[in-house]
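The values are calculated or read from the model by the stated rules, or taken from the named source; none is laboratory data. Quick caveat, the model's predicted, so the values are computed rather than measured. As a convention, Cβ positions derive from the backbone with ideal geometry for all residues, glycine included, and neighbour counts pool all protein chains shown.
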Amino acid sequence: MVRKLAYVAGAVVVLGAATFWILTTPQKVSQTVLDAMEPGDPVKGEQVFWAGGCASCHAAPGATGDARKVLAGGHELVSDFGTFIAPNISPSEQGGDRHLDDP
């Protein structure tokens with residue numbers, strides 16, 4: 001009886017792990033699908049940007065106005081575990097030390 005229970009439990013664990021792996025594997029979007037997509041709406045994108053609070057961490061320290069839209073990073077988040085520095089997430093060379101062409 002215990003042996004059967006162990007087999008069933010093992011099968012459930014393996015099945016659960018396989019299901020998790022299948023469901024969380026990233027899927028690459030084909031170029032055809034990307035080409036068929038309509039261009040983004042910059043007004044809605046800006047709404048998401050401000051609603052998400054991206055600039056609160058990723059804007060350069062001391063940036064104001066439109067300069068907050070350049071996500072150069074550098075904001076220090078002090079915690080009990082140490083100081084974390086928000087990274088540059090802008091896709092431009094002017095916004096920081098990262099560019100979309102970088103590996």
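So the values come out like this:
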quantity	calculated
Of all residues in the stretch 60-83 being more than 18 Å from E46 (Cβ to Cβ), among the aliphatic types (A, V, I, L, M) and modelled with pLDDT of 85 or more, the one that is surrounded by the most Cβ atoms within 10 Å (Cβ to Cβ)	L77
Test: residue in the stretch 42-59 that is of a type outside the set (K, R), loosely packed, with under 10 Cβ neighbours inside 10 Å, at pLDDT 90 or above and over 19 Å from the mean Cα position of the chain (by Cα)	yes
Neighbours by Cβ (under 6 Å, 6+ apart or cross-chain): first from the stretch 71-89, of a type in the set (V, I, T); second surrounded by 10 or more Cβ atoms within 10 Å (Cβ to Cβ)	T83/E76; I85/E76; I89/H58; I89/L71
Lone qualifier among T25, T32 - being exposed (fewer than 10 other Cβ atoms within 10 Å of the Cβ) and within 19 Å of the chain's Cα centre (by Cα)	T25
Checklist (1) over 21 Å from the mean Cα position of the chain (by Cα); (2) at pLDDT below 90 applied to D97, failing item	(1)
